[in-house]
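These notes concern the structure reproduced below.
Laboratory data are not the source of any read-out in this text; all were calculated from the coordinates shown. All values derive from a computational prediction rather than experimental measurement. Using ideal geometry, Cβ is built from the backbone for each residue, glycine included, and neighbour counts are taken over all protein chains shown.
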Amino acid sequence: MDNSSEKIKKFGTFGGVFTPTLLTILGVIMYLRLGWVVGNAGLLGAWLIIIISFLITLCTALSMSAITTNIRIGAGGAYAIVSQALGLEVGGSLGIPRYISQGLAVTMYIFGFREGWLGVFPEHNAFLVDIVVFLVLFSIAYISANLAIKTQFIIMGIIALSLVSIVIAAYNGSMTIPSSEALSWGSFKGSSENGFKGSNFWIVFAVFFPAATGIMAGANMSGELKNPKLSIPTGTLWAIGVSFIIYMLLAFWIARSATEEELISNYYIMVEKAYFGPLIIAGILGATFSSALASIVGSSRILFAMGQHKVLPYSNFLQGQSKNGQPRNAMLITGILIFATLLLRNINAIAPLVTLFFLITYAMINIVVIIEQNLGLISYRPVFKIHKWVPWAGLISSIFAMFIINPSVSLISLIIVLMVYWYLSRQNLETPFEDVRSGLFVSFAEWAAKHTWGMKKMQQRAWKANLMVPVRDVNGLKGTFEFLRNIAKPKGSIKLLGIEPFTETSKLAEELESISSAFRQKEVFSSSTVIHTQEFAKGINYGSQALKGAFFRPNILFLNLQDHDNYETELRPVMKEAIRLETGILLYLAHPAALLGQRNTINVWVSDRKGNWNLGWDIGNLDLSILVAYKLKMNWNARIRLITVISDPNEKENATEFLATLISLARLPQTLTEVHIGDFNSVVEKAPSADLNIFGMDEDLKFEFVKEMSNKTHSTCLFVKDSGHESILA
């Protein structure tokens, strides 16, 4: 497995995302339709169309950036994003029509290339040109994505030269029309196709808008990027920014270089007005070729990803790869699809589907982010943060653009997506990863459970801190009130479990209910109950056992170690039973003088992994420690410091890399790390001070160790044992 993965060529931000995205946006519309857009809408109208178009795609790009920095995105781009969030049924209902539309897009780009070619060589056979271009495209993509990326670098150079030709023309006096005349609103006279009988703003917008799509070209390469979390947001946003500037400047140049009559009647006006026209022709050919290449490479990755997830029949064949990791079988099927559409010779009737499936994809990505933002799960910790209005703006504008471009075909597109979803939902697909639906369903269930108690279990991605707090001393509970609230807030819960012998005059139940009410007023759901027993440990264990079968059962047992507690006879049996019941444990020891200090810094101690520094989904007894530290960090506005002590100096580099990778995968912002070599006890004494030190615990945690750590750190300490059902990497 490791050897094959080393052979797979991984791409960086520039080659893997920025280049294909930029080249897809700077397509044939820029060369052959931008002049017509300016001629109809005027420069002011054209600028407004460009701004609206790019704002729609920018909102979706920002949403995509947020979601890709929150998950381990695999192959398939937008399909992978939606599948991991909303499940394979929804992902497939989007992925299948999107894959087919990508194939149609390749055919349209080939036809566009042919038109440009015949403009130079009119005597050539049109069908032969199509076949030759298809074979060249397929050969490049089939050999490797690396060759496709290198080819796109050449095409980028050609497009850059075509833009240089325009710049030279501008400097040589092509802009003869005064600025005062160019800066005008258009008269919307239409085109030669409708006999110049008129147009309107939204018709012109519909013609231009496909130019702004294509922001998924880089995301489609997600499975072959070195660092998709960094590359997809960075490359996509830079491509949008650069292409937006180019479109705005080109619109200004053409508005001052040609009359309205020339602009609306001559689609090749840029060729005539540029300093060296053949470079514009080369740019047209390069733009259509690069767009086709990006689409054929991207579409095969979507098909490959669906094969991996068993969404389609013959999935084992579709997920087949070459030795260097290329999805060859998916590429063959894609080639057959494209060749079949080439034989149609005219796909104008279904061409709008391509743009509309792009817009449906945009809408779904924004819906994913809206759901994630509103569930309030701790698993939603994107490194790239966006405001809540961004996905809403992206969703509304995407739907708006769909029905502006073609209402009837938009409805057909949505019907196709729903039909595919209906089909896939009946296939009993086995999802290889947990999706956000667990959090969505659990959020609904939590609301219902507070009234009816119904569902059974929670999952890692939907993890929230639901604490059970045994109490026999209300004063001790009051001392930890804020600490508990900061662990549970905003979506967790606290169940107060009173333990006392039965007496007629007891007020413990009333006092606990009063504190529960205070928690609820502080935005943390809380409830309380009292168990009457002579033995503290048995009372807690009875409570834990009784709640084992409940849906809304606590997943953390919080033990406040106080002077009157007998560690060996009261707390050790409780911790042992909690481990048996797979409940997390927090053993809290407040420092008598320091308490929680200024609540600025939290030290999390990572145990020596002794040569096993590989980071998988199981990171040992560390998940709950970091989850609690993260909750406290957010509510305290504090910082986390991960510290590990190793005995072997040769492992320092591995330990440092482990901590850095852990921070990246766990999405822990502004987290410090320290790796120390030597004896653990001596390092603890010299470690940087913190307001809280968090240590892992084993099943045989000694009381002497607990006291020793508090004394040596001069701080409040928290000793943590995972339940096995939480994951900081979720």
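Please sort by residue number the GluC sites (Glu not before Pro) in the stretch 114-187 whose DSSP state is loop and whose Cβ has at most 13 other Cβ atoms within 10 Å.
Glu123
For Ala465, what is the net charge nearby, where nearby means another residue's Cβ is under 11 Å from its Cβ and Lys, Arg count +1, Asp, Glu -1?
Spelling it out: positives minus negatives among the neighbours equals +4.
Among Lys197, Lys576, what is the fewest-to-most ranking by other Cβ atoms within 10 Å?
With the sparsest Cβ surroundings first, the list reads Lys197, Lys576.
Which of the lysines could a cross-linker span from Lys10 if the Cα-Cα distance has to be under 25 Å and same-chain partners fewer than 8 positions apart are dropped?
Counting by Cα, and skipping residues close in sequence, Lys10 has these lysines nearby: Lys150, Lys226, Lys229, Lys310, Lys323.
Which GluC sites (Glu not before Pro) in the stretch 685-730 sit in a loop by DSSP (not H, G, I, E or B) and have at most 14 other Cβ atoms within 10 Å of their own Cβ?
Answer in residue order: Glu699.
Along each of its three principal axes, how wide is the spread of alpha-carbon positions in the chain, in whole angstrom units, largest first?
100, 54, 53 Å, listed from the longest principal axis down.
Determine, for each peptide in 403-416, 305-318, 90-103, 282-295, the mean count of other beta carbons within 10 angstrom over its residues, then list the peptides with the highest first.
Highest to lowest by the protection proxy: 282-295, 90-103, 305-318, 403-416.
Considering the Cα trace of the stretch 201-271, what is its radius of gyration and what is Dmax, both in angstroms?
When restricted to Cα atoms, the stretch 201-271 yields Rg and Dmax of 16.5, 50 Å.
Where in the chain are the helices, taken as whole DSSP H runs, whose Cα atoms extend 18 angstrom or more along the long axis and whose Kyte-Doolittle mean reaches at least 0.0?
For the chain, where a helix must reach 18 Å along its axis and average at least 0.0, the hits are 34-68, 88-120, 126-143, 145-171, 228-257, 277-308, 328-342, 351-375, 389-405, 407-425, 623-636, 652-666.
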